[in-house]
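K.L.:
This structure is in structure tokens; I'll ask about it shortly.
The values are calculated or read from the model by the stated rules, or taken from the named source; none is laboratory data. What you see is a predicted model, and the numbers here were worked out from it, not measured in a lab. With ideal geometry, Cβ positions are generated from the backbone for all residues, glycine too; neighbour counts draw on all protein chains shown.
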Amino acid sequence: MRQSRVQIRTSGDPVTGTTVTVHLALDDRSGDSAIIEYIDGEPHIWHDRSYTVMTNSPPFAEQLERLHEIEGFGGDRPLPGGTDADERFARAAFYLDRLPAPADRTRAVAELLSVMRNASQPFRVPDPDHPNASTTLWRTITDHVDGVYVFEDTGRPNIVWVRLDGLDLSEGAPVRKLDLVADTGLEGGLVGEVSAHFEATAPMEFLRAS
């Protein structure tokens, strides 16, 4: 990431139109983790297995400093319950650290979703005084070991997941996609394992630097 000089150009928040910042989380099946944030166009990389939580702001170094003020992480402040990003960061870190060992993948997904929902932003009208407190649009879980990707759109009641071994990812295979935009999920909507519902589509066109 440092050598490639990749530049991230983001679109606006789909609800408020506010310019958004970007964090990237990278993980592999061994449990290694890296969080990358761009500050003034420069990538700041935090690489360690212990970096497992991130929210939009403030910068990650400041997030970690604030976390150490919370009870259970070295400080004496009570666990916050507000909607600011640093407060949601603290809750996610607190509850993630206290999850019981799951008996199976179903339980693991349920436990992780419980933490993510606790740290998510509910539906709300835009607040000009808190431009970064926009509604959470989706939640995802990736099982790197068994190749399962779970997707929850906050605008629909059903959760879907796909097993990567149920998709043809070989070189030259036709492009396929799963369209959930028109699927309300209320009556007969998609739910559960959906690899069979991917449909042929035109290849994605990637933006190129001008």
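K.L.:
Please count how many residues of region 169-209 are surrounded by 11 or more Cβ atoms within 10 Å (Cβ to Cβ) and among the acidic types (Asp, Glu).
P.N.:
3
K.L.:
Among the residues of region 41-66, count how many are part of a loop (DSSP other than H, G, I, E, B), surrounded by 13 or more Cβ atoms within 10 Å (Cβ to Cβ) and free of Cβ contacts under 8 Å to residues at least 40 places away in the same chain. If you could, list the steps in order and put the result at the bottom.
P.N.:
If we filter region 41-66 for residues that are part of a loop (DSSP other than H, G, I, E, B), which is where we start, we get 41, 48-59.
Keeping just the survivors that are surrounded by 13 or more Cβ atoms within 10 Å (Cβ to Cβ) gives 51-59.
Keeping just the survivors that are free of Cβ contacts under 8 Å to residues at least 40 places away in the same chain gives 51, 54, 58-59.
Qualifying residue count, region 41-66: 4.
K.L.:
Filter region 134-147 down to residues that are assigned to a strand (DSSP E or B) and touching a residue at least 40 places away in the same chain (Cβ under 8 Å), then give me how many there are. Quick ask: steps written out before the conclusion?
P.N.:
Of region 134-147, the ones assigned to a strand (DSSP E or B) are 138-143.
Subsequent filtering for residues that are touching a residue at least 40 places away in the same chain (Cβ under 8 Å) retains 142.
Adding up the residues that qualify gives 1.
K.L.:
Take region 150-168 and flag every residue that is more than 20 Å from Glu187 (Cα to Cα) and surrounded by fewer than 17 Cβ atoms within 10 Å (Cβ to Cβ). Lay out the reasoning, then the answer.
P.N.:
Just the residues of region 150-168 that are more than 20 Å from Glu187 (Cα to Cα), to begin with: 150, 162-168.
Answer for region 150-168, where residues must be more than 20 Å from Glu187 (Cα to Cα) and surrounded by fewer than 17 Cβ atoms within 10 Å (Cβ to Cβ): Arg163, Leu164, Asp165, Gly166, Leu167, Asp168.
K.L.:
Of all the residues that make up region 21-40, how many are over 23 Å from Arg5 (Cα atoms) and touching a residue at least 60 places away in the same chain (Cβ under 8 Å)?
P.N.:
Result for region 21-40: 1.
K.L.:
Considering only residues of region 87-108 that are charged (D, E, K, R) and more than 16 Å from the chain's Cα centre (by Cα), which is nearest to Glu65 (Cα to Cα)?
P.N.:
Of all residues in region 87-108, those charged (D, E, K, R) come to 87-88, 91, 97-98, 104-105, 107.
Those left that are additionally more than 16 Å from the chain's Cα centre (by Cα): 87, 97-98, 104-105, 107.
Numbers: Glu87: 12, Asp97: 17, Arg98: 20, Asp104: 34, Arg105: 33, Arg107: 32 Å.
Result: Glu87.
K.L.:
Tell me, yes or no, whether region 97-119 has at least one residue that is in contact (Cβ under 8 Å) with a residue 60 or more places away in the chain and crowded, with 16+ Cβ neighbours inside 10 Å.
P.N.:
If we filter region 97-119 for residues that are in contact (Cβ under 8 Å) with a residue 60 or more places away in the chain, which is where we start, we get 119.
From what's left, crowded, with 16+ Cβ neighbours inside 10 Å: 119.
There is at least one residue in region 97-119 that is in contact (Cβ under 8 Å) with a residue 60 or more places away in the chain and crowded, with 16+ Cβ neighbours inside 10 Å.
K.L.:
For Val181, which of the numbered conditions (1) part of a loop (DSSP other than H, G, I, E, B); (2) within 22 Å of Thr55 (Cβ to Cβ) fails to hold?
P.N.:
Of the numbered conditions (1) part of a loop (DSSP other than H, G, I, E, B); (2) within 22 Å of Thr55 (Cβ to Cβ), the odd one out for Val181 is (2).
K.L.:
Hey, any hits in region 81-92 for a residue that's farther than 28 Å from Gly192 by Cα, without any contact (Cβ under 8 Å) to a residue 40 or more places away in the chain and of a type in the set (Phe, Trp, Tyr)?
P.N.:
yes
K.L.:
List the number of the failed condition for Leu24; all other conditions in (1) at pLDDT 90 or above; (2) hydrophobic (A, V, I, L, M, F, W, C); (3) assigned to a strand (DSSP E or B) hold.
P.N.:
Of everything listed in (1) at pLDDT 90 or above; (2) hydrophobic (A, V, I, L, M, F, W, C); (3) assigned to a strand (DSSP E or B), Leu24 misses just condition (1).
K.L.:
Which residues, counting only those in region 67-106, are farther than 24 Å from Ile45 by Cβ, basic (Lys, Arg) and part of a helix (DSSP H, G or I)?
P.N.:
Matches in region 67-106: Arg91, Arg105.
K.L.:
Please go through (1) more than 19 Å from the chain's Cα centre (by Cα); (2) at pLDDT 85 or above; (3) not in a helix (DSSP H, G or I) for Thr16 and return the number of the only condition it doesn't satisfy.
P.N.:
Just one mismatch for Thr16, condition (2).
K.L.:
Also: Of everything in region 172-205 that's within 14 Å of Phe151 (Cβ to Cβ) and aliphatic (A, V, I, L, M), which residue is modelled with the lowest pLDDT?
P.N.:
Here is the first cut: in region 172-205, the ones within 14 Å of Phe151 (Cβ to Cβ) are 177-181, 183, 185, 189-195, 197-198.
Imposing the further condition that a residue be aliphatic (A, V, I, L, M) reduces the set to 178, 180-181, 190-191, 194.
Values: Leu178: 91, Leu180: 84, Val181: 79, Leu190: 89, Val191: 90, Val194: 94.
Ranking the qualifying residues of region 172-205, first place goes to Val181.
K.L.:
Regarding Arg124, is this residue of a type in the set (D, E, K, R) and either touching a helix residue (DSSP H, G or I) at 6+ places or on another chain (Cβ under 6 Å) or surrounded by 14 or more Cβ atoms within 10 Å (Cβ to Cβ) (or both)? Full working, then the answer.
P.N.:
Details: of a type in the set (D, E, K, R): yes; either touching a helix residue (DSSP H, G or I) at 6+ places or on another chain (Cβ under 6 Å) or surrounded by 14 or more Cβ atoms within 10 Å (Cβ to Cβ) (or both): no.
No: the conditions fail for Arg124.
K.L.:
Can I ask one more? What number of residues within region 155-171 are assigned to a loop (DSSP other than H, G, I, E, B) and at pLDDT 90 or above? Reasoning before the result, please.
P.N.:
Residues of region 155-171 assigned to a loop (DSSP other than H, G, I, E, B): 155-158, 167-171.
Filter once more, keeping what is at pLDDT 90 or above: 167-171.
The number of residues fulfilling the criteria is 5.
K.L.:
Right, another one. Answer with yes or no whether Arg49 is under 16 Å from His23 (Cα atoms), within 18 Å of the chain's Cα centre (by Cα), modelled with pLDDT under 95 and basic (Lys, Arg).
P.N.:
Working: under 16 Å from His23 (Cα atoms): no; within 18 Å of the chain's Cα centre (by Cα): yes; modelled with pLDDT under 95: yes; basic (Lys, Arg): yes.
Answer is no for this residue.
K.L.:
Look at region 107-133 and say how many of its residues are more than 24 Å from Tyr51 (Cα to Cα) and in a helix (DSSP H, G or I). Quick ask: steps written out before the conclusion?
P.N.:
So the first thing to find is which residues in region 107-133 are more than 24 Å from Tyr51 (Cα to Cα), and the list is 122-131.
Then drop every residue that is not in a helix (DSSP H, G or I), which leaves none.
Count: 0.
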